[in-house]
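The values are calculated or read from the model by the stated rules, or taken from the named source; none is laboratory data. This structure is a prediction, so every number in the text was calculated from the model and none was measured. Glycine also receives a Cβ, built like all others from the backbone with ideal geometry; neighbour counts cover every protein chain displayed.
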Amino acid sequence: MLTSIKNYHRFREIWRESINFLVDVADCTSGLVTYIDGTDLEVFAASDRKMNPFPEGVKVAMQGHYCEETYKTRKLLHVPNALMSDRWEDCPEIKCGLISYIGLPVRMPDGAIFGTICLLDKKENFHQSTQQNGLKQIRSLIEAHLQVETLTRMDSAQHQENPELLQLYRTIARNSDKDMINIPVCSHCKKFRTESGNWVQLSPSIYQMVGPRSSHGICPDCLETFYPDLVRS
């Protein structure tokens, strides 16, 4: 689904400022949003504090880095002090003096991993729950941006030809962070119902993103096919 990292450059400043804020609150050395390209790790957005040793655009082999573990496990990784464990003795960040790490995977709308968001520190840092929640909130913001951009690019021809679909996509984008979206989906054919009451078939990728969070019903065609007695009664 990710065609080019260049599609997301317009979000870089917002992500950078969010990371800067969290670095200040957590009183740590640096914060990063990374992009994973195969086996490589690229710094996509970074805190611009003077102590940050990883500026934007730096690209390194992912092997051995803290973020590799975050990527592999797809879970939060918290290392208060890497010097206390042999697990991290060869970690490249330790050579820069970054002994503390907390990071989360950042997912694309289809579940694929875009990269990571993380905080690093040159001192032991246990990152209290408020800091962890802040990291999760910024991760949610980034994932919402990724979803909006993905939806904007998908089915562009349909957007131009059918205003109803454009409105449908906007509704999905506005509710990207909600558990449920008030858009009916046919339980049988997976068509979505527009505001005017028409039922339209969207791509499988969009259904994967939105379908499970929508209210389920049945479109007129499927009602007639599967429940003809109800239609004729």
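Just a few scattered comments:
- Selected residue (criterion: surrounded by the fewest Cβ atoms within 10 Å (Cβ to Cβ)) from residues of region 99-113 that are at pLDDT below 95 and hydrophobic (A, V, I, L, M, F, W, C): Ala112
- Scanning region 75-84 finds no residues that are farther than 17 Å from Cys28 by Cα and β-branched (Val, Ile, Thr).
- Lys178 exposed (fewer than 14 other Cβ atoms within 10 Å of the Cβ), among the charged types (D, E, K, R) and without any contact (Cβ under 8 Å) to a residue 60 or more places away in the chain: yes
- In region 40-72, of all residues being in contact with a helix residue (DSSP H, G or I) (Cβ under 7 Å, 6 or more places away or on another chain) and hydroxyl-bearing (Ser, Thr, Tyr), the one that is surrounded by the most Cβ atoms within 10 Å (Cβ to Cβ) corresponds to Ser47.
- Spans of helices (runs of 4 or more DSSP H) in region 144-233 with at least 3 residues out of contact with any His (no Cβ under 7 Å at 6 or more places or on another chain) and either modelled with pLDDT of 90 or more or closer than 27 Å to Ile113 by Cβ (or both): 163-174, 204-210, 220-226
- Verdict on Asp90 being over 20 Å from Ile142 (Cα atoms), assigned to a loop (DSSP other than H, G, I, E, B) and of a type in the set (Asp, Glu): yes
- Residue pairs meeting the criteria (Cβ under 8 Å; at least 6 apart or on separate chains; first outside the structural domain of Phe21 (by TED's automatic domain parsing) and more than 21 Å from Ala26 (Cα to Cα), in region 40-62; second part of a strand (DSSP E or B) and of a type outside the set (S, T, N, Q)): none
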